[in-house]
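Working notes for the structure below.
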Amino acid sequence: MVDLRQFDDDGYLVLRGAAPGDAVGAYAGELQRLRDGLLVRAPGDAYASLAARAEPGTAGAVDPYAISDVARAVLLPEPLVATLTARWDDAPLLFEAVEALAGSPDPGPYRDATYVAASEDPAALVTSVVALGDAAVDVIVHRGSQRTPTTPFSGRYRHFNPERDGDEALQRHRAEVAALVAEAGAETITLNAGDILLWQADLVHHPIAADASALVAHLCPARQRPGWFAYRPERARCAAVGDAWVATQHYDLVDAVDPEPRADDYEQDAESERELETVEDALRAHDDRPPDAPGAPPPGPNVHRRTAGFVNSVRGIMGRRGRR
């Protein structure tokens with residue numbers, strides 16, 4: 001049983017062997033197979049680009065869960081989902097993930113809350129680090145540092161915005177974090193393949209080595225919205241994955257997670273066709289979530305979500321059910 005009090009006190013929690021071994025072992029091969037549709041980012045790059053255009057080993061995958069069942073299994077295993085659901089009394093929403101090779105947002109010790117934003121309650125933000133390869137992944141954290149406040153940006157914000165706050169504010173923040181680090185003391189956590197490290201967004205930690213075989217992801221309660229929903233409204237939508245939710249600003253998520261079945265999967269007689277049309281009308285009118293989705297869908301501007309992926313997924317399910 002996970003002790004959530006430790007998470008509150010220390011600011012982090014280790015889930016040993018939480019990611020399923022078969023998915024961890026299959027991850028690298030799966031992403032290579034999907035390379036033509038995969039987005040990657042190199043250290044220092046502001047934007048993602050197609051993996052097929054990047055030299056292998058120079059850039060890390062961005063939101064691979066949007067196109068890979070294996071990545072979803074690695075990033076949302078049952079122990080992680082259960083732990084965060086118990087903590088938040090809400091299903092988790094996974095809204096960002098990158099491989100360590102993509103680089104860190106800051107070269108020194110930092111807080112994720114400085115660079116990752118969520119609505120309503122930024123303190124609820126959680127980072128997960130999943131170790132994937134044969135070599136151990138060492139992560140340096142400063143236990144309890146999440147309890148020490150730093151000066152808000154522009155007098156009120158946890159999250160740094162360069163246009164709003166200016167470089168001087170970031171330099172002041174880095175100086176405050178450096179002073180905090182000097183007092184808190186460092187601790188090294190070693191992760192082996194399948195281990196997952198969770199930490200609160202205000203925990204100060206060091207960048208993960210770019211050559212580490214690891215995925216770094218950000219999650220929040222499903223009732224909240226990722227910060228990027230505000231400036232990527234065309235991607236402001238979510239899809240259900242088991243007992244969790246996922247969102248991504250980089251991929252057409254609904255069609256990726258719920259791919260359209262082949263036409264011959266839903267050949268129907270006239271009665272079944274009328275039933276399907278009724279389902280389609282309901283989905284288009286109300287933009288409903290799938291019937292097996294987790295309890296509370298995230299709020300937010302889902303009007304931009306195309307229902308075709310869900311419509312055709314339902315067609316596929318019902319078609320397979322009704323075939324004679």
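What are the pairs with Cβ atoms under 7 angstrom where one residue, in the stretch 62-76, is within 12 Å of residue 194 (Cα to Cα) and the other, located anywhere, is in a helix (DSSP H, G or I) and among the β-branched types (Val, Ile, Thr)? Sequence gap at least six, or different chains.
Pairs that qualify, where the first residue is within 12 Å of residue 194 (Cα to Cα) and the partner is in a helix (DSSP H, G or I) and among the β-branched types (Val, Ile, Thr), are 74/24.
Among the residues of the stretch 15-30, what is the count of those that are surrounded by fewer than 20 Cβ atoms within 10 Å (Cβ to Cβ) and either modelled with pLDDT under 95 or in a loop (DSSP other than H, G, I, E, B) (or both)?
3
Quick check: anything in the stretch 99-117 at pLDDT 95 or above and closer than 17 Å to residue 14 by Cα?
No: the stretch 99-117 contains no residue that is at pLDDT 95 or above and closer than 17 Å to residue 14 by Cα.
Which residues, counting only those in the stretch 109-123, are of a type in the set (Ser, Thr, Tyr) and in contact with a strand residue (DSSP E or B) (Cβ under 9 Å, 6 or more places away or on another chain)?
110, 114, 119
For the stretch 98-134, give me each residue that is within 24 Å of residue 236 (Cα to Cα) and touching a Phe, Trp or Tyr at 6+ places or on another chain (Cβ under 6 Å).
Within the stretch 98-134, 105, 114, 127 meet the criteria.
Let me spell it out: the conditions are (1) in contact (Cβ under 8 Å) with a residue 60 or more places away in the chain; (2) in contact with a Gly (Cβ under 7 Å, 6 or more places away or on another chain), and residue 44 meets all of them except one. Which number is the exception?
(1)
Can you name every residue in the stretch 210-236 that is more than 25 Å from residue 87 (Cβ to Cβ) and either among the charged types (D, E, K, R) or modelled with pLDDT of 95 or more (or both)?
Selection gives 211, 212, 213, 232, 234, 235.
So which of 122, 152, 105, 109 is more than 18 Å from residue 60 (Cα to Cα) and free of Cβ contacts under 8 Å to residues at least 12 places away in the same chain?
None of the others qualify; the one that does is 152.
Would you check if there is a residue in the stretch 20-33 being within 17 Å of residue 250 (Cα to Cα) and touching a helix residue (DSSP H, G or I) at 6+ places or on another chain (Cβ under 8 Å)?
Checked against the condition, which is being within 17 Å of residue 250 (Cα to Cα) and touching a helix residue (DSSP H, G or I) at 6+ places or on another chain (Cβ under 8 Å), the stretch 20-33 yields at least one hit.
Going by what's in this entry, would residue 98 be described as assigned to a strand (DSSP E or B), under 18 Å from the mean Cα position of the chain (by Cα) and farther than 30 Å from residue 169 by Cα?
no
Is there a residue in the stretch 138-156 that is closer than 25 Å to residue 252 by Cα and assigned to a helix (DSSP H, G or I)?
No, the stretch 138-156 contains no residue that is closer than 25 Å to residue 252 by Cα and assigned to a helix (DSSP H, G or I).
What pairs can you find where one residue is in the stretch 13-31 and in the same structural domain as residue 68 (by TED's automatic domain parsing), the other is in a strand (DSSP E or B) and not aliphatic (A, V, I, L, M), and their Cβ atoms are less than 9 Å apart, with a gap of 6+ or different chains?
As it stands, the answer is 13/199; 15/128; 31/99, since those pairs meet every condition given.
For residues in the stretch 106-127 being of a type in the set (A, V, I, L, M, F, W, C) and surrounded by fewer than 21 Cβ atoms within 10 Å (Cβ to Cβ), which is farthest from the chain's Cα centre (by Cα)?
123
Looking at the structure I just gave you, is residue 96 surrounded by fewer than 15 Cβ atoms within 10 Å (Cβ to Cβ) and not aliphatic (A, V, I, L, M)?
So residue 96 does not fit the description; no.
For the condition in contact (Cβ under 8 Å) with a residue 24 or more places away in the chain and touching a His at 6+ places or on another chain (Cβ under 7 Å), what is the one hit in 237, 223?
237
The values are calculated or read from the model by the stated rules, or taken from the named source; none is laboratory data. As the structure is a computational prediction, the values presented were derived from the model and not from experiment. Please note: Cβ atoms are built from the backbone with ideal geometry, for glycine as well, and neighbour counts cover all protein chains shown.
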